[in-house]
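Encoded as structure tokens, the structure appears first; notes follow it.
Nothing in this text is a laboratory measurement; each read-out follows from the coordinates by a stated rule. Because the structure is a prediction, the values reported are computed rather than measured. Glycine also receives a Cβ, built like all others from the backbone with ideal geometry; neighbour counts cover every protein chain displayed.
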Amino acid sequence: MPGLRIALGGASVLGAAACGTPHIDKPRAPDMGELIAAYAAPDAAFDASAADEIALAIGAIDELLARTDLREQLVDVLADVLDQATDLSDVQGDGVDFTFEADGYMRVTRICAGWAAPARPDRDVNGALLVTATFSQDGLDPIVWGSAETCRYRAGDVSIELDQVGASGDAVSVYWGSAPSGQAVSERTLLVDLNLEANIGGERLPLDIDFRSLVDGTLEYRIPRPDGSLIAHVGTENTVTLRAIDGTYVCDPELNCSGPTSTEAP
């Protein structure tokens, strides 16, 4: 997704004025507290009689993310945010962290690649993803968020278009935690909340889902149930691990499970 534009807001990114720093109204990040808690401590019990239904839900989310290549697209955008933070800050200690001399924010506009080959960064034709990141003297804040502006790209041979749902300003919200600001995106666990519409090869589908991308590249999905939600971890060896309020179950793709064992989250 080539093409990048940056807009800044802040009293001072490097070098606060000697006479004092004026007040800056930082944009308010979306509240992801409930979602963070849901992944940390699932509150539904696993009911083996509902295994087929749960397996279908896991498969549906897994297929949507695979077809849209969304994890990879978001990682690219977040890497842009970190790159710009490096340029705008005073990097300390062999690049392990950033320092800013005032509160502020930046808005990163990443122009989408489009459907043609070779890719051309033309916003009028291909749209864009717009991401807001805020920062303080302690570094980048733990949540970034943004919107989609008819973003077009290809995932393999499939044409993808991402659009807003109504006037939502936080169609994509990402909790990347309070890790040192210099830590690469590939070294972070990302909790992603999506509220988008996707056109996938001519088929329009809602993308009202959330997932957690772990450092090893595997994914976790929140599966709503009548008594709360389960967290399903899709492994690399054709296994599914279900975290529930009553423990952790190790399952095959059809959710024939053993367990429960401990309830500790990864």
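Observations on the structure shown:
- In terms of surrounding Cβ atoms within a 10 Å radius of their Cβ, C112, C251, C257 rank from fewest to most as C257, C251, C112.
- Dipole check for the range 131-259: with +1 at the C-beta of Lys and Arg, -1 at the C-beta of Asp and Glu, and the Cα centre as origin, the magnitude is about 80 Debye.
- Look at V108, V158, V234 and count the other Cβ atoms within 10 Å of each Cβ; fewest to most, that gives V158, V234, V108.
- Debye-sum result for the range 102-191 in log10 I(q)/I(0), which assumes one identical scatterer on each alpha carbon, at q = 0.11, 0.19 Å⁻¹: -0.39, -0.95
- Residues listed by number, the range 46-70, amide nitrogen under 11 Å from D227 label point at 7 Å toward C-beta: 46-48
- Note on A37 and A50: the extension gain reaches 2.3 nm, defined as 0.36 nm multiplied by sequence separation minus the Cα-Cα distance.
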